[in-house]
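The structure appears right after this line, and notes come after that.
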Amino acid sequence: MGSQVATETLKTPMAEARPEVTLQNILYEKKGAIAYVTVNRPKVLNALNSQTWMDLYAAFTNARDDDTVRGVILTGAGDKAFIAGADISELAHDGAYQAAESSRYGQSVLTLVENLGKTVIAAVNGFALGGGCETAMACTIRIASESARFGQPEVKLGLLPGGGGTQRLPRLVGKGRALQLILSGEMISAQEAYRIGLINEIVPAANLIKRAEEILAQIAANAPVAVRYSIDAVNKGLDTSLSKGLALEAAYFGICASTEDKKEGTSAFLEKRAPIFVGH
């Protein structure tokens, strides 16, 4: 990625209708169909404070609304941390009401990430602890460098995970493993995270972004509507019964069958050529 300044202006896809947004703790860059979102607080291991959460919301809203963006890569600045957790200097002063409000806001940001309708890859380049692990779990796919570390150490601070960790972690790795990680506050290696299903791949640090780009290129070759509905079907299906999930899948299958991309995809297959999808 090209060099960026710490404070930058994010141009929205509809500049005439929406004001430009100034990002303080996030770098946002577009190259082709990929948006790169980098948490840029390396001196504090990219810890999440209120401003960073707001910047993440602005960046991902922009990526969602920009039709030229087909996927997002989320990573951390520097070579030590993806996101090392909450900014404790800010958290230490939160009372009950403020902490609950902060939790709800962080959850809303990560719900946006999870349901973006576009593939979001967490390129975990170091510590992913607390809110960092929760942020990675909200992404569609997680890949990590060999030196990455994961954990939910909130109990060591007298707290519990507040950014979705108690809900997403058991859905990813199972109830027993999730409770062991949450209750012990243990930090685990990338190898252990891969073994239990928390991450998809372990990649050499030098190839982390390149591998994320390769995965996004593979996904971007497919029909955008089908990709969006596939993400939605999996996310919503996990929150309901099997019968309701199957009904949702059938409904989405019907919607996709009515698109120009379905006509193009089936025609291209029969004609033994590469499809050219238009996104509707």
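Rule-based calculations on the coordinates, nothing more; no lab input. What you see is a predicted model; the values in this text were computed from it and never measured. All Cβ positions, glycine included, derive from the backbone under ideal geometry; neighbour counts span all protein chains shown.
Below is a table of values for the structure above.
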read-out: MRE, 222 nm, helices only [DSSP H, n ≥ 4, -39500 (n - 2.57), over the chain, to nearest 500]; value: -14000 deg cm²/dmol
read-out: Pairs from 118/236; 31/210; 118/244; 118/210; 118/272; 210/272 whose Cα-Cα separation, in the structure shown, is over 20 Å; value: 118/244; 118/272; 210/272
read-out: Dimensions in Å of the chain - Rg and Dmax from alpha carbons; value: 19.2, 64
read-out: Relative contact order of the chain, pairs being alpha-carbon contacts under 8 Å that are 6 or more residues apart, as %; value: 13
read-out: Point-to-point label distance, residue 175-residue 269, nm (Cα→Cβ direction, 7 Å offset); value: 3.9
read-out: The range 120-207: relative contact order in percent, alpha carbon pairs under 8 Å with at least 6 residues between; value: 34
read-out: Cα centroid separation - the range 59-112 against the range 156-170, whole Å; value: 14
read-out: Antiparallel DSSP beta bridges within the chain, as percent of all bridges there, nearest 5; value: 35
read-out: Residue (of 24, 148, 105) at the positive-pole extreme of the chain, dipole from beta-carbon charges; value: 148
read-out: Cα-projected label distance for residue 250 with residue 157, points at 7 Å along beta-carbon direction, nm; value: 4.7
read-out: Student exercise, the range 8-220 dipole from Lys, Arg, Asp, Glu Cβ charges, in Debye to nearest 20; value: 480
read-out: Label-point separation, residue 260 to residue 191 (7 Å along Cα→Cβ), nm; value: 5.1
